[in-house]
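Please read the structure below before turning to the comments.
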Amino acid sequence: MKAALLLLALVPTVFPFLEVPFDATLLSYNHIQRIGGESVPDDDTPTGGKWVDDDYIILQYNTWTIPNCLETGLQLEVRFDNVPEDLTHLDLEVRYPRMQLPNGGSKERFRRREPMHVYDGSTTFYFGYYFDHEYEQGLGDWIFTLSHEGEEIYRAKFTVVDCDEKAETTREH
């Protein structure tokens, strides 16, 4: 038994091409509503701004269908295991319906490096997005892709639909 465990421990060192890929566990995918906070400029977002010091409530748990009501949005949280201890970031790409921005431009995707902190071979990715402006309320798919060293390790898709005024809060976060 000890010999088998030792052999398993040596396999990635001797044969790095046999390394086990990241294991992904979906923790949450929710429809959320922002509470409070302040909007600040951030060029790494679709609209050029982000919220700080905000909180949220969950309107609907575990849903890939998100009503496009103003001041609500989507939330995605994924835990990765089997992660190299020296991992410092994951590359995020989000594709979404084309937005006609107030400055005359348009956007249909954004990319950024997400800093990650690894502890005991695990790290957690979190992303939240609120529809705060009319031009953000396009209907269609929002596709999230996380990559490491050019290799896709996770993909998720939310579908944004017409605003449902009857969305109810199920529990505060």
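The values are calculated or read from the model by the stated rules, or taken from the named source; none is laboratory data. Here the structure is a predicted model, which means the values were calculated and not measured. Ideal geometry is used to build each Cβ from the backbone, glycine not excepted, and the neighbour counts take in all protein chains shown. Each accessible area value is taken on the protein alone, full model and side chains, heavy atoms only, with ligands, DNA and RNA left out. Shrake-Rupley method; radii C 1.70, N 1.55, O 1.52, S 1.80 Å.
Checked against the criteria, LEU59 does not count as modelled with pLDDT of 95 or more, in contact with a His (Cβ under 8 Å, 6 or more places away or on another chain) and within 16 Å of GLU136 (Cβ to Cβ). Quick one: count up the residues across region 136-147 that are surrounded by fewer than 17 Cβ atoms within 10 Å (Cβ to Cβ) and either in contact with a Ser or Thr (Cβ under 8 Å, 6 or more places away or on another chain) or part of a loop (DSSP other than H, G, I, E, B) (or both). So the answer is 4. The residues of region 57-96 that are in a strand (DSSP E or B), open to solvent by 30 Å² or more (accessible area, probe 1.4 Å) and not β-branched (Val, Ile, Thr), listed by number, are GLN60, GLU77, ARG79, ASP81, HIS89, ASP91, GLU93, ARG95. Looking at this structure, is THR72 more than 22 Å from LEU59 (Cβ to Cβ) and either in contact with a helix residue (DSSP H, G or I) (Cβ under 9 Å, 6 or more places away or on another chain) or polar (S, T, N, Q) (or both)? Answer is no for this residue. Against the criterion of being closer than 30 Å to GLU151 by Cβ and either open to solvent by 50 Å² or more (accessible area, probe 1.4 Å) or at pLDDT 75 or above (or both), THR45 does not qualify. Contact map, region 62-82: residues that are within 13 Å of ILE143 (Cα to Cα) paired with residues that are open to solvent by 10 Å² or more (accessible area, probe 1.4 Å) and among the charged types (D, E, K, R), Cβ distance under 9 Å, separation 6+ or inter-chain. Pairs shown: TRP64/LYS157. Return yes or no: is ILE153 open to solvent by less than 30 Å² (accessible area, probe 1.4 Å), assigned to a strand (DSSP E or B) and farther than 18 Å from THR45 by Cβ? Here the answer is no, as ILE153 does not meet what is asked. Among the residues making up region 148-161, those that are under 19 Å from TYR29 (Cα atoms) and in contact with a Leu (Cβ under 7 Å, 6 or more places away or on another chain) are ILE153, TYR154, ALA156, PHE158, VAL160, VAL161.
The lone criterion from (1) open to solvent by 70 Å² or more (accessible area, probe 1.4 Å); (2) in contact with an Asp or Glu (Cβ under 8 Å, 6 or more places away or on another chain) left unmet by GLN100 is number (2). For ARG79, the requirement of being closer than 22 Å to ALA156 by Cα, modelled with pLDDT under 95 and not small (Gly, Ala, Ser) is not met. Of a type in the set (Asp, Glu) and either over 22 Å from LYS50 (Cβ atoms) or under 14 Å from the mean Cα position of the chain (by Cα) (or both): does that describe GLU136? Judged against the criteria, GLU136 is not a match.
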